[in-house]
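Here's the structure, in structure tokens; my notes come after.
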Amino acid sequence: MTVASDAPAIPVTMPDGTVREVPCGSTCAELAASISRGLAKKAVGARIDGTLRDLATPIVGPCALTIVTTDDGDGLYFLRHSMAHLMAEAVTELWPDTKVAIGPVIADGFYYDFDRAEPFTPEDLARIEEVMRRHAAAAEPIVRSEMSREEAEQAVRHFREGGELYKAEILEGILGEEGSVVSFYSQGAFTDLCEGPHVPDTGFLKHFKLLSVAGAYWRGNEKNKMLQRIYGTAFYKPADLDAHLQKLEEAQKRDHRKLGRELDLFGVYDDIGPGLILWHPRGARVRHEMETYWRQAHYDGGYDLVYSPHIAKVTLWERSGHTSHYKDNMFSGMDVEGQEYLAKPMNCPFHVTMYKGKGRSYRDLPLRWAELGTVYRYERSGVLHGLLRVRGFTQDDAHLFCRVDQLGEELDRVVTFVLEMLRTFGFTKFQAYLATRPEKYVGEPALWDEATAALRAALEKHGLPYEVDEGGGAFYGPKIDLKLEDSLGRQWQCSTVQVDFNLPERFDLTYKGSDGKEHRPVMLHRALLGSIERFFGCLVEHYAGAFPLWLAPVQVEVFPLNEEVDAFARDVADKLTRAGLRTEYRDASEHLNSRIKDAQRLKTPYMFVVGKREAEAGTVAVRTRSGKQSIMAVDEAVGKLVEEVRSHATGLPEA
RNA sequence: GCCGAAGUAGCUCAACGGCAGAGCAACGGUUUCGUAAACCGUAGGUUGUGGGUUCAAAUCCCAUCUUCGGCUCCA
């Protein structure tokens with residue numbers, strides 16, 4: 001210990017819960033070392049009363065202390081934060097004119113934004129990595145220093161003169177905050193304005209990889225200058241890095257765009273237009289099965305199904321408010337006999353118009369109208385992405401019109417329905433977001449509170465983990481969004497449940513109450529899958545193209561070994577077809593090996609091979625796409641498949 | 001829309017100023033073969049599109065379209 005022996009003792013609650021008296025000014029590093037040699041070796045930082053700090057931070061008051069090691073999640077935060085600095089150190093060494101902006105930690109790694117006239121090339125990334133490794137090998141200490149307000153103000157001027165306008169702007173922002181502390185971190189010749197914390201020295205930064213370069217706006221605002229962002233990832237153990245890189249590779253193999261082509265599911269064509277999907281027969285078959293299930297589930301759930309056209313007169317969109325609030329996302333209109341028509345970006349105004357089509361009684365409510373409604377939205381060219389972001393897509397939309405006293409039950413039913421639907425398709429990982437009343441809103445605050453409470457109750461009843469997006473609701477009502485996670489760890493919004501206090505007003509929707517007076521109904525918008533296109537894309541990645549049997553475009557292929565067993569094999573195929581299974585028959589004009597290879601490539605769930613042995617015994621040799629083989633009686637095999645379809649088995653282990 | 005990269009046969013890729021090629025797929029024939037690639041042959045491309053430089057352009061330049069990695073935005 002370097003602390004004077006007469007320093008006052010301070011009670012510190014240690015990681016194991018015991019309280020220890022330590023000399024004031026002891027550093028976390030010293031305490032870590034005193035806890036255990038092994039632990040001290042792997043310690044990278046500390047948590048003081050829950051806040052992350054550098055290991056070198058002195059303890060000056062009573063507190064609870066936890067040591068952050070290379071083995072916990074926060075340890076990775078320290079590592080990656082320091083990685084960003086190491087990268088900036090290397091970049092500014094290689095190209096001294098480069099201005100640095102910000103370099104935070106993200107889900108699987110880190111990035112740093114740079115302002116440099118020349119674009120970074122893949123070769124540059126290799127050079128940067130090389131310099132980074134050199135600095136890491138030197139184990140440069142990472143040192144924190146703090147500045148007085150006066151010094152910091154001087155630093156702002158210094159940044160401005162040196163052209164470091166981004167740092168100047170950040171520092172000015174910090175100085176604008178009450179009671180803020182300005183700290184810098186240095187390693188080698190590199191110093192960066194930074195809050196910390198960091199690992200003790202660059203020697204910890206061994207196992208990393210720079211992944212890509214991309215443009216990014218300064219402060220995320222598209223009116224600002226575009227900077228160059230370099231992404232990277234880092235771990236403490238080489239095995240973890242390898243595993244992560246392998247996961248990225250696996251994700252690439254599962255990419256729905258790649259599988260969409262390989263499995264002949266869908267295509268995007270120059271002659272049709274960007275973001276407009278052609279569903280090939282095999283993809284269309286999966287979609288058909290999805291929709292069939294969806295429709296039946298809706299009828300079973302007390303919904304009525306409706307249809308509406310793809311275009312409507314501009315006056316409808318004026319009344320709904322879309323021409324004033326949503327015009328940038330709408331395809332431009334077409335002139336028909338002097339009237340302007342617009343392609344629909346949403347289905348709600350049609351259902352609302354239908355509601356108004358006749359007088360409604362309190363006895364009619366709730367009305368639950370669902371539609372697989374195809375909408376068109378003008379999305380900016382750079383955002384289009386396979387099936388996950390397109391310009392023409394089909395929402396599994398529904399609008400519910402109910403009385404205020406029915407709101408709670410209807411919301412609960414919808415949340416139950418969402419979960420049932422997602423689980424049937426094999427999704428068990430999702431994150432819910434509850435968005436509450438924003439500053440600008442329409443409707444009665446009391447109603448908002450009631451609706452928000454009802455949404456919250458529905459989430460909690462189902463034990464769904466959720467985050468509250470305070471003030472994140474639409475101006476017309478609170479909502480729940482559900483996001484699915486795809487194979488790259490990206491979250492995609494699919495399901496949404498929204499309360500709407502606005503459209504009933506705009507369209508003056510009413511119903512006659514038991515009191516004989518006109519009342520305003522509440523309206524709910526909801527989509528369970530979100531859009532068929534996006535959900536299908538997620539589905540492809542989720543299953544890596546190996547759809548569960550009930551969804552597979554072709555469920556079983558029958559392969560006779562030679563012409564002698566053709567009649568028997570055709571009989572097997574007929575039985576499968578009559579049992580409602582999507583069956584393909586491929587005769588013996590091709591080699592068995594090549595037929596199996598094709599079926600494997602298309603990820604067909606089952607192959608039934610029949611030869612002389614099976615024909616004589618009345619059996620089939622069943623091969624699954626995972627390569628398992630077994631001999632079964634024909635009727636037994638057919639029955640097994642029928643049951644697998646009926647139960648909507650996903651083939652995935654329960655989460 | 002913005003920053004960067006890329007478009008060659010249905011797919012995966014080669015040729016990188018000097019005659020545009022291979023494998024798989026397709027098609028024709030041979031093969032009847034017991035669980036992930038049988039054999040032989042045939043056909044297939046104004047190198048995304050338009051313009052320019054050059055004796056000569058897939059290759060260099062400009063424009064444009066599309067795609068990819070991101071940013072912003074979103075189901």
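The values are calculated or read from the model by the stated rules, or taken from the named source; none is laboratory data. The structure displayed is predicted, hence computed values, not measured ones. We place every Cβ from the backbone using ideal geometry, glycine too, and count neighbours over all the protein chains shown.
Among the residues that make up the stretch A:445-462, is at least one of them of a type in the set (A, V, I, L, M), surrounded by 18 or more Cβ atoms within 10 Å (Cβ to Cβ) and part of a strand (DSSP E or B)?
Here is the first cut: in the stretch A:445-462, the residues of a type in the set (A, V, I, L, M) are A:446-447, A:451, A:453-455, A:457-459.
Then keep just the ones that are surrounded by 18 or more Cβ atoms within 10 Å (Cβ to Cβ); that gives A:451, A:454-455, A:458-459.
Checking the rest, the ones that are also part of a strand (DSSP E or B) come to none.
No, because not a single residue in the stretch A:445-462 is of a type in the set (A, V, I, L, M), surrounded by 18 or more Cβ atoms within 10 Å (Cβ to Cβ) and part of a strand (DSSP E or B).
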Residue tally, condition in contact with a Lys or Arg (Cβ under 8 Å, 6 or more places away or on another chain) and aliphatic (A, V, I, L, M), over the stretch A:450-477: 1
Selected residue (criterion: surrounded by the fewest Cβ atoms within 10 Å (Cβ to Cβ)) from residues of the stretch A:165-194 that are modelled with pLDDT of 90 or more and in a loop (DSSP other than H, G, I, E, B): A:ALA189
Residues of the stretch A:256-293 that turn out to be surrounded by fewer than 19 Cβ atoms within 10 Å (Cβ to Cβ) and part of a loop (DSSP other than H, G, I, E, B), as a count: 9
Test: A:VAL131 is away from RNA strand B (no atom under 16 Å from the Cβ), of a type in the set (A, V, I, L, M, F, W, C), farther than 26 Å from A:LEU205 by Cα and in contact with an Asp or Glu (Cβ under 7 Å, 6 or more places away or on another chain): no
Among the candidates A:ALA284, A:ALA251, A:ALA216, A:ALA243, residue that is under 30 Å from A:ALA84 (Cα atoms), more than 13 Å from RNA strand B (Cβ to nearest atom) and not acidic (Asp, Glu): A:ALA243
Restricting the stretch A:540-555 to residues that are of a type in the set (A, V, I, L, M) and within 13 Å of RNA strand B (Cβ to nearest atom), the residue that is farthest from A:VAL634 (Cα to Cα): A:ALA544
Total residues in the stretch A:294-337, condition surrounded by 11 or more Cβ atoms within 10 Å (Cβ to Cβ), out of contact with any Leu (no Cβ under 9 Å at 6 or more places or on another chain) and hydroxyl-bearing (Ser, Thr, Tyr): 3
Test: residue in the stretch A:568-587 that is near RNA strand B (Cβ under 9 Å from one of its atoms) and either on the phi > 0 side of the Ramachandran plot or surrounded by fewer than 20 Cβ atoms within 10 Å (Cβ to Cβ) (or both): yes
Residue match in the stretch A:144-152 (condition: touching a residue at least 40 places away in the same chain (Cβ under 8 Å) and either closer than 17 Å to A:THR191 by Cα or more than 31 Å from the chain's Cα centre (by Cα) (or both)): yes
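Rundown of residues vs (1) more than 16 Å from RNA strand B (Cβ to nearest atom); (2) closer than 18 Å to A:TYR511 by Cβ; (3) more than 33 Å from the chain's Cα centre (by Cα), yes/no style:
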| site | (1), (2), (3) |
| --- | --- |
| A:PRO309 | yes, no, no |
| A:HIS325 | no, no, no |
| A:GLU337 | yes, no, yes |
| A:PHE350 | yes, no, no |
| A:TYR362 | yes, yes, yes |
Members of the stretch A:492-510 that are of a type in the set (Val, Ile, Thr), buried (at least 19 other Cβ atoms within 10 Å of the Cβ) and more than 12 Å from RNA strand B (Cβ to nearest atom): A:VAL499
